[in-house]
Amino acid sequence: MKKILVVLMSIIVIPFSITNFFYDYTYKKIKTGFITNKKDTIIRVLRSNNTVENLNLEEYLIGVVSAEVPASFEEEAIKAQAVAARTYALKKIQNSKNENYDVTDTTTTQVYQSDNELKEKWKDKYNEYKSKIKKCIDDTKGEYLTYNNDIIYAFFFSTSNGKTEDNKDVFGADLPYLKVVDSSFDETETTGFKATKIFTLSEFYQKLGINYSSELNITDKVLTTSGRVKNIKINNIDFKGRDFQSKLSLRSNDFEIQKDGDNVIIITIGFGHGVGMSQYGANALAKKNKNYKEILNYYYQGTNLEKL
């Protein structure tokens, strides 16, 4: 009789324990925002039409990488972008558990384009370019970056001013893997390294929200470690460099201002916030025979490459 009871208890208890173990494991994984019980990573994308799409992460990355870098880039640079974009997405998922979506499809997070949008953009190059992008994503499937066992903030941007920016000067947090590194090779990689924008004096003042004056006094210009404008005074009005950039829709906050009669000429160097990986810098490194792991380690120093 005792043997029968032991067998019956085993039949009841052991499956319950196994079920409980896997339930707990799955729950924890879902709670962190990573993996469903089908072992797929799902990301919620707020589209520009105000709908939310639930997408498989690896499929989502095709639309992100295709939108973020030219398909003509070197494959190792595209792979580096795939890992950075995947890492960025996973961090957003991790931090958005209580929100209705994880990412947008714009530069407020990272740009995403649907398959139909890619067909329209690439036209007769669609099959060739999509195949190339997909291969680079597949070659890095599930790979993401961590620092001290935590997913990093894998920021990236188009073009540096010759150096990347320290995260604390842009987004506030002092992160050891988002420090200033040399990226001087950006200059010869893109024709968009320097740009010029011209405003009338009245337009310039209007955009800055200050009173018109025939005089233009620029004082107290303070630079970050990377040479970007941290603070500046225009006619004795204080501006943060990033706010000044935003108000005038400049490509970066590394800028020089010149007054020419009734016009204001602003010359910018670089494109984007400057934190993390320079996309054109990554392409330059790929041309120097650096593989994607070396590129990622260069821009996100001290990080580890892990896999889901």
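The values are calculated or read from the model by the stated rules, or taken from the named source; none is laboratory data. This structure is a prediction, so every number in the text was calculated from the model and none was measured. All Cβ positions, glycine included, derive from the backbone under ideal geometry; neighbour counts span all protein chains shown. We work out accessible area using only protein heavy atoms, side chains counted, and drop any ligands, DNA or RNA first. Shrake-Rupley method; radii C 1.70, N 1.55, O 1.52, S 1.80 Å.
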Value of D in µm² per second that Stokes-Einstein yields for segment 48-143, Kirkwood Rh from Cα pairs, at 20 °C (1.002 mPa s): 157 µm²/s
For the chain, calculated [θ]222 nm from helices alone, where every DSSP H run of n ≥ 4 adds -39500 (n - 2.57): -12000 deg cm²/dmol
Segment 211-308: GluC sites (Glu not before Pro) falling in loop per DSSP and having at most 14 other Cβ within 10 Å: Glu215
Within a Gaussian network of the chain (alpha carbon springs, distance under 10 Å), most fluctuating of Asp169, Asp238, Asp182: Asp238
Axial C-alpha extent at least 20 Å, average Kyte-Doolittle at least -0.5 - helices from the chain (DSSP): 2-31, 75-95
Solvent-accessible area per residue, Å², over segment 189-308 with all protein chains present [probe radius 1.4 Å]: 51 Å²
Projected area averaged over orientations for segment 101-222, convex hull of C-alpha atoms, nm²: 13.0 nm²
Whole-Å distance, taken between Cα centres, linking segment 240-279 and segment 163-201: 10 Å
Selected from Tyr205, Tyr88, Tyr147 as most flexible by GNM, with the chain as the system and alpha-carbon contacts under 10 Å: Tyr205
Within a Gaussian network of the chain (alpha carbon springs, distance under 10 Å), most fluctuating of Lys92, Lys287, Lys197: Lys197
Ranked packing of 77-84, 172-179, 223-230, most packed first, by mean Cβ within 10 Å: 77-84, 223-230, 172-179
Surface accessible to a 1.4 Å probe, Leu208 within the full protein complex, Å²: 10 Å²
Cα convex hull volume per residue for segment 183-308 (Å³): 124 Å³
Heavy atoms of Leu305: accessible area, 1.4 Å probe, square angstrom to 10: 70 Å²
Estimated distance in nm for a label pair at Lys125 and Thr51, the labels positioned 7 Å out from Cα along Cα-to-Cβ: 2.9 nm
Local electrostatic count, Ser226, Cβ distance below 9 Å [Lys/Arg +1, Asp/Glu -1]: -2
Computed over segment 236-308, the ratio Rg/Rh where both radii use C-alpha atoms and Rh is Kirkwood: 1.17
Segment 44-90 - Kirkwood radius from inverse mean 1/r over Cα pairs (Å): 11.4 Å
Column: log10 I(q)/I(0), Debye, Cα scatterers of the chain, q = 0.08, 0.13 Å⁻¹: -0.45, -0.99
Flagged links, alpha-carbon separation over 26 Å, of Lys194/Lys221; Lys163/Lys288; Lys132/Lys179; Lys121/Lys207; Lys92/Lys135; Lys125/Lys247: Lys132/Lys179; Lys121/Lys207; Lys125/Lys247
